[in-house]
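Below you'll find the structure, written out as structure tokens, and then a few comments.
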Amino acid sequence: TLELTAVGGPSPEITCVPSVDDCARTEPTEAGLQFSGVFGRIDARLFMPIYTFGKLSAGRRAAEAGARAQDALVSAAQADAALDAARAYYGLKLARELIRMLEEGRGNVETALKKVEKDLDKGRGDATESDRYRLRGFLAEIDARLSEAHRVENLALTGVRLFHGEGDVDVD
């Protein structure tokens with residue numbers, strides 16, 4: 001450890017009263033800002049332990065372990081980013097497949113509903129009013145799931161674009 005202290009400032013003017021001692025007494029008769037020069041002082045201290053009781057080697061080992069831990073954190077962050085990118089990609093693929101499936105199922109339910117309504121209007125067939133309401137309920141449920149699938153598709157597409165770094169990228 002090296003400690004350096006420097007002090008400086010103006011030196012006041014002092015008038016000594018003649019006596020037997022060499023300037024042992026002063027009499028300040030006039031108060032004021034009278035300076036006769038500048039004084040300064042510099043002190044330096046050097047401290048070096050002879051034996052550190054293992055502190056230096058323990059500090060070095062701790063620093064090396066900290067560097068290894070930081071490397072492990074970097075590797076973990078890279079793996080997390082790769083996992084999140086894969087989740088975004090496959091989430092987008094899944095959302096689009098679900099949308100296709102739900103739209104196909106919606107078409108089938110709409111066809112069945114038209115047939116039931118046609119049979120009910122003509123008064124023939126095995127269709128009942130509860131069949132009509134049940135099919136309308138299915139349509140409402142499909143619409144709700146389609147809305148969720150579109151939301152997930154938009155979220156996953158945003159994630160894919162975030163990890164790719166471009167705003168207009170899309171997957172197959």
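Scanning the range 41-68 for residues that are open to solvent by 60 Å² or more (accessible area, probe 1.4 Å), small (Gly, Ala, Ser) and under 21 Å from residue 2 (Cβ atoms) turns up just one, 44. Only residues that are touching a residue at least 60 places away in the same chain (Cβ under 8 Å), exposed (fewer than 13 other Cβ atoms within 10 Å of the Cβ) and within 22 Å of residue 143 (Cβ to Cβ) were counted in the range 69-124, giving 0. Scanning the range 105-113 for residues that are at pLDDT below 95 and among the charged types (D, E, K, R) turns up nothing.
Condition check: open to solvent by 60 Å² or more (accessible area, probe 1.4 Å), at pLDDT 90 or above and of a type in the set (A, V, I, L, M). Does residue 33 satisfy that? Answer is no for this residue. The residues in the range 125-157 that are out of contact with any Gly (no Cβ under 8 Å at 6 or more places or on another chain) and in contact (Cβ under 8 Å) with a residue 40 or more places away in the chain can be counted, and the count is 6. A Cβ distance below 8 Å, combined with a sequence gap of six or more or placement on separate chains, defines the contacts here; from the range 41-56, residues that are of a type in the set (Phe, Trp, Tyr) reach residues that are open to solvent by 100 Å² or more (accessible area, probe 1.4 Å) and at pLDDT 80 or above in the pairs 47/1; 47/2.
Counting the residues of the range 132-169 that are open to solvent by 40 Å² or more (accessible area, probe 1.4 Å), over 23 Å from residue 119 (Cβ atoms), in a helix (DSSP H, G or I) and of a type outside the set (Gly, Ala, Ser) gives 13. The set of residues in the range 96-129 being more than 54 Å from the chain's Cα centre (by Cα) and among the polar types (S, T, N, Q) consists of 128 alone.
The values are calculated or read from the model by the stated rules, or taken from the named source; none is laboratory data. Nothing here was measured: the structure is a model prediction, and the numbers come from that model. Every residue, glycine as well, gets a Cβ built from its backbone with ideal geometry; the counts of neighbours run over all protein chains shown. Only protein heavy atoms, including side chains, enter the accessible area calculation; ligands, DNA and RNA are left aside. Shrake-Rupley method; radii C 1.70, N 1.55, O 1.52, S 1.80 Å.
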